[in-house]
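Undergrad: Here's a structure for you.
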Amino acid sequence: MEEQYLAWRRKMLDQHPDQTSLTFSDFRTHTMQGDDNGRLLNYVNANIIFQAGVDFESKPMLVFCACSLPSPNEVDYERLLNLVLFRLDEFVESDYTVVMLSSGAKHQVGWQWMGKAYRRLDRRYRKNIKSVYVVHPSMWTKLVFRILGTFVR
């Protein structure tokens, strides 16, 4: 996420040279608000990734609804990924479980975006995931998990 912050900071300094103290907090606030006054943020938190209680070991369970991903023609997937990572930031300091709902997705992400998203998940996000459950996996999801499984072990 540091690369995105630095690129945003350079862009903002080019546009507004008088602003010299642009922090990561400013980047986070700008990304969350976006050009739509936080509509995408609300959609992400309500429909794409949300907490659904705790599992049998009292770890938070996060539900990731891949089936609710909006059209890439309507939404900037870079910003979408940042919003998902900001949401994950609330849980990554301790153990957590992910439940992924993938069936019936109208919009599937491409290989390039999947690779970029995986590279953005640093150790901080991966180390405390204790379980990943995929509910009704599509053929695409099975393929991606099988390929990633050969590299991740």
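Undergrad: Touching a residue at least 24 places away in the same chain (Cβ under 8 Å) and open to solvent by 60 Å² or more (accessible area, probe 1.4 Å), is that true of Gln33?
TA: So Gln33 does not fit the description; no.
Undergrad: Still on this structure: Is there a residue in the stretch 111-129 that is modelled with pLDDT under 75, aromatic (Phe, Trp, Tyr) and closer than 22 Å to Pro72 by Cα?
TA: Yes, the stretch 111-129 has at least one match.
Undergrad: Please find, within the stretch 1-14, the residue that is farthest from Lys130 (Cα to Cα) out of those that are free of Cβ contacts under 8 Å to residues at least 24 places away in the same chain and open to solvent by less than 80 Å² (accessible area, probe 1.4 Å).
TA: Among those that are free of Cβ contacts under 8 Å to residues at least 24 places away in the same chain and open to solvent by less than 80 Å² (accessible area, probe 1.4 Å), it is Leu13.
Undergrad: I would also like to ask the following. Being open to solvent by less than 20 Å² (accessible area, probe 1.4 Å), of a type outside the set (A, V, I, L, M, F, W, C), free of Cβ contacts under 8 Å to residues at least 60 places away in the same chain and within 16 Å of Lys106 (Cβ to Cβ), is that true of even one residue in the stretch 38-57?
TA: Checked the stretch 38-57: no residue is open to solvent by less than 20 Å² (accessible area, probe 1.4 Å), of a type outside the set (A, V, I, L, M, F, W, C), free of Cβ contacts under 8 Å to residues at least 60 places away in the same chain and within 16 Å of Lys106 (Cβ to Cβ).
Undergrad: Of the residues that make up the stretch 129-145, is at least one β-branched (Val, Ile, Thr), surrounded by 11 or more Cβ atoms within 10 Å (Cβ to Cβ) and either part of a helix (DSSP H, G or I) or out of contact with any strand residue (DSSP E or B) (no Cβ under 7 Å at 6 or more places or on another chain) (or both)?
TA: Within the stretch 129-145 (the criterion being β-branched (Val, Ile, Thr), surrounded by 11 or more Cβ atoms within 10 Å (Cβ to Cβ) and either part of a helix (DSSP H, G or I) or out of contact with any strand residue (DSSP E or B) (no Cβ under 7 Å at 6 or more places or on another chain) (or both)), the answer is yes, since at least one residue qualifies.
Undergrad: Then there is this: Looking at the stretch 20-29, which of its residues are without any contact (Cβ under 8 Å) to a residue 24 or more places away in the chain and surrounded by 10 or more Cβ atoms within 10 Å (Cβ to Cβ)? Can you show your working first?
TA: Initial filter on the stretch 20-29 (without any contact (Cβ under 8 Å) to a residue 24 or more places away in the chain): 20-27, 29.
Hits for the stretch 20-29 are Leu22, Thr23, Phe24, Asp26, Phe27, Thr29.
Undergrad: Here is a follow-up. Specify which of the listed residues (Pro60, Pro17) is of a type outside the set (Val, Ile, Thr) and open to solvent by 40 Å² or more (accessible area, probe 1.4 Å).
TA: On the way: Pro60 fails: open to solvent by 40 Å² or more (accessible area, probe 1.4 Å).
Matching residue, one of Pro60, Pro17: Pro17.
The values are calculated or read from the model by the stated rules, or taken from the named source; none is laboratory data. Remember, predicted model here, so these are calculated numbers, not experimental data. Cβ sites come from the backbone with ideal geometry, for glycine too, and all protein chains shown count toward neighbours. The protein model used for the area step is the full one, side chains on, heavy atoms only, and it has no ligands, DNA or RNA in it. Shrake-Rupley method; radii C 1.70, N 1.55, O 1.52, S 1.80 Å.
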